[in-house]
Structures are given as structure tokens and as C-alpha cells.
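Working notes for the structure below.
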């Protein structure tokens with residue numbers, strides 16, 4: 001097996017640069033055009049959410065030559081709350097450009113395989129290193145020299161390719177399940193909007209409009225706010241449970257996640273499949289599949305003993321843009337909503353018979369989403385366990401793995 005050599009990332013690159021916000025050069029965003037990728041499109045698990053792309057004109061793209069992206073460029077978040085996120089640019093994203101919050105890392109492919117370096121940068125240790133050197137400023141950021149200083153252990157290209165192949169195979173399976181879930185959720189949401197948003201009086205169930213009523217969002221579900229978990233530290237000789245904050249909703253539980261006592265009141269425990277709603281800062285609604293944890297303040301755990309989960313999930317997401325608007329109008333650094341806004345948000349509740357028939361249609365879709373999410377969790381855990389072992393040479397890959405197509 002080959003020997004590994006130590007490098008600084010800067011020794012492996014042809015270019016490390018960043019982009020510019022189009023408005024600073026007199027340009028603007030448009031409805032369709034050249035893809036413009038912002039930091040929020042990039043996740044810690046290496047995926048790029050294309051639904052968040054905005055667009056610029058070809059003229060603006062030509063003006064922003066420095067940040068015109070190429071296939072195999074690595075995007076690396078260098079400004080904002082979430083530093084160290086990375087993703088690989090693929091041919092089907094082009095033409096594309098980006099702004100100053102994302103560094104563009106272009107590698108010397110004669111030495112370093114972009115997929116291998118991309119996986120290397122996704123290690124928890126690298127992400128924590130980046131966040132530690134950024135300091136505790138209100139707007140964390142890192143510079144090019146700090147990015148170039150990241151230490152890289154590198155085998156020969158053949159072994160880089162074999163390692164990247166193993167990890168890419170897991171990533172592909174995870175990505176397929178994510179895409180399936182997106183399609184399934186769109187199917188369920190389409191039904192929801194047909195029944196409740198687009199003229200619910202046209203629902204085909206017999207006598208459907210009889211017994212239908214309007215209620216407040218907080219009448220169909222319990223919105224339980226989390227604990228100030230610093231008041232519940234783990235007891236002596238207790239490992240504790242991870243605290244689920246807004247950050248964990250985005251990144252999942254990591255080694256840097258805070259811990260709380262295992263003896264917190266039962267209702268504040270979060271389990272796989274629970275619905276979480278961050279009502280402060282970055283407002284979002286998710287189904288949680290990151291493992292058991294403790295609900296932190298600024299998050300609601302949303303439950304109901306009466307209505308199915310899909311029903312209150314889609315009604316909450318239906319009002320989410322309205323809630324975000326309320327939060328943005330707050331004259332504070334941390335926008336938020338209040339319980340009165342849940343009361344003011346109205347929902348339509350069908351009669352019992354109609355709801356049962358709807359549930360018979362939507363529940364199987366939601367259960368499939370949950371099953372896929374459990375598989376994603378298992379595959380992600382396997383990948384994240386293998387990642388540092390493969391990147392350190394602790395686990396070696398047979399070169400025969402090269403038969404797998406990258």
C-alpha cells in the first residue's frame with residue numbers, strides 16, 4: 001500500500017478565490033439565467049440544494065470572471081454563521097457563479113483528486129478547526145490564508161480514487177433517498193393544497209363542506225417550547241444527551257453539540273420522527289431523524305393526540321412564509337414569532353369522515369418518507385464513521401474498488 005504525504009491545502013491548489021455580490025457592480029438578480037450559488041445552498045453533508053439558486057444575466061456573469069465556476073471546483077463557506085460547509089461543483093450546474101461567502105478552491109488534479117479533497121474537508125475535525133480559528137465575532141469569517149493552511153494527508157491518486165469511490169457510493173444512495181423524499185413530500189403537499197388551499201369546497205367527499213370549520217393553528221397541535229438546557233447539565237459520571245438547537249436542525253448532532261441531563265422531563269425529549277419548528281432566528285420546520293436528544297429553547301416540538309402529523313405539519317409550513325415575515329419585521333438581531341401568531345394563523349379542519357379518508361391517502365406517503373429518513377440516518381452514520389478512518393489511512397481500500405464508476 002502507498003505511503004501518505006502531508007500537505008497544506010494551499011500546496012494542492014491552482015486557485016483559491018471568492019465571488020462578489022452582483023449588486024455591488026450595478027447588476028441585479030433575475031428570474032432566469034446563469035445559476036448563482038449562495039452559501040445557504042451548501043450543506044455540511046456536501047449536498048447543494050438547487051432550489052435555493054438565484055440567477056444573474058450572462059452580462060453579469062462575464063463581469064464576474066474571477067468567480068466563474070468550473071466542474072470539480074470545491075465551494076467552501078468562509079463567512080457567516082455556518083463556516084466550513086463544502087460542496088463539489090458538477091458539470092450540470094454550469095454556467096454558474098457565486099458570492100463572497102463561498103471560497104472557490106480549484107485543485108491541481110495531477111496531485112489531488114477533487115472528490116477526495118471534498119470528502120477530506122467534510123470531516124468533523126476540519127469543520128471544527130475552521131470554526132475555532134474564526135473567533136467569536138458576531139459575523140464569523142475566515143480568510144484565504146487560513147483555508148490554505150488546512151493540513152491534508154494525501155495518498156497517491158490511485159488510492160485517493162478508491163477511497164472517494166467508496167464514500168461516493170454511500171453519498172449517491174443518501175442523495176437518492178433525499179430526492180425520493182422530496183418527491184414524496186411534494187405529492188403529499190399537492191394533495192393538502194388541493195383539499196385545503198385551492199377551494200376546499202370542491203373536495204369530492206360527500207357532504208364534505210358540512211362539519212368543516214376554521215380553527216387556529218395552536219388548536220390542532222401542541223407547540224411545546226424547549227428548555228434552557230444550560231440549567232440541566234449532565235450529572236456526575238453521566239454522559240448526558242445531546243441538546244438539539246437551531247444549529248442541530250441544520251447540521252445534525254455533532255461532537256460539539258452541548259449535553260443535558262438524561263433526567264430532563266420526558267416531554268422535552270426528542271426522538272426520530274418528531275416534528276420540530278424553530279420559531280426564533282432561522283425559522284424552519286423539519287421532521288427530526290438525528291437520534292435522541294433534548295429540546296432546547298427557541299424550538300417547538302409539535303405534537304397532537306387528535307390530528308395526524310401530516311395535517312399539522314403542512315398547516316405549519318403553509319404559514320411559514322407569513323411567520324418569517326413577522327420575524328423579519330422585529331427590530332432585534334434575533335427575529336422571532338410569539339404564541340399569539342400561532343393563534344392568529346387560521347386552518348381549515350374537515351369533518352371526521354373526510355379527515356379519515358384523507359389520512360388513508362397521505363399517511364402511507366408520510367410513513368415512506370420516515371422510512372427513507374431512517375435509512376438516510378443509517379447510511380449517514382456509516383459514512384461519517386468511515387470518513388475519518390479512510391482519510392487517516394486507518395482503514396485501507398483495495399484497489400479493485402476502482403472498478404466502481406466514479
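The values are calculated or read from the model by the stated rules, or taken from the named source; none is laboratory data. The structure displayed is predicted, hence computed values, not measured ones. Please note: Cβ atoms are built from the backbone with ideal geometry, for glycine as well, and neighbour counts cover all protein chains shown.
Here's the yes/no breakdown for (1) farther than 22 Å from residue 141 by Cα; (2) out of contact with any helix residue (DSSP H, G or I) (no Cβ under 8 Å at 6 or more places or on another chain); (3) surrounded by 19 or more Cβ atoms within 10 Å (Cβ to Cβ):
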residue: 20; (1), (2), (3): no, no, no
residue: 26; (1), (2), (3): yes, yes, no
residue: 32; (1), (2), (3): yes, yes, no
residue: 39; (1), (2), (3): no, yes, yes
residue: 47; (1), (2), (3): no, no, no
residue: 74; (1), (2), (3): no, no, yes
residue: 87; (1), (2), (3): no, no, yes
residue: 92; (1), (2), (3): yes, yes, no
Check your understanding: Quick check: is even one residue across the range 287-302 without any contact (Cβ under 8 Å) to a residue 40 or more places away in the chain, assigned by TED's automatic domain parsing to the domain that holds residue 326, within 18 Å of the chain's Cα centre (by Cα) and closer than 25 Å to residue 380 by Cβ?
Key -> no
**Study point:** Of residues in the range 117-141 being surrounded by 15 or more Cβ atoms within 10 Å (Cβ to Cβ) and in contact with a strand residue (DSSP E or B) (Cβ under 8 Å, 6 or more places away or on another chain), the one modelled with the lowest pLDDT
**Key:** 134
Check your understanding: (1) in the same structural domain as residue 221 (by TED's automatic domain parsing); (2) closer than 21 Å to residue 251 by Cβ; (3) crowded, with 20+ Cβ neighbours inside 10 Å: which one isn't true of residue 312, the others all being true?
Key -> (2)
Exercise for review: Specify which of the listed residues (12, 69) is over 26 Å from the mean Cα position of the chain (by Cα) and not assigned by TED's automatic domain parsing to the domain that holds residue 390.
Suggested key: 12
Exercise for review: Check 101, 41 and return the single one that is over 29 Å from residue 389 (Cα atoms) and modelled with pLDDT under 95.
Suggested key: 101
Review point. What strands (runs of 3 or more DSSP E) lie completely within the range 197-276 and have 3 or more residues being under 30 Å from residue 357 (Cβ atoms) and modelled with pLDDT of 90 or more?
Key: 213-216, 222-225
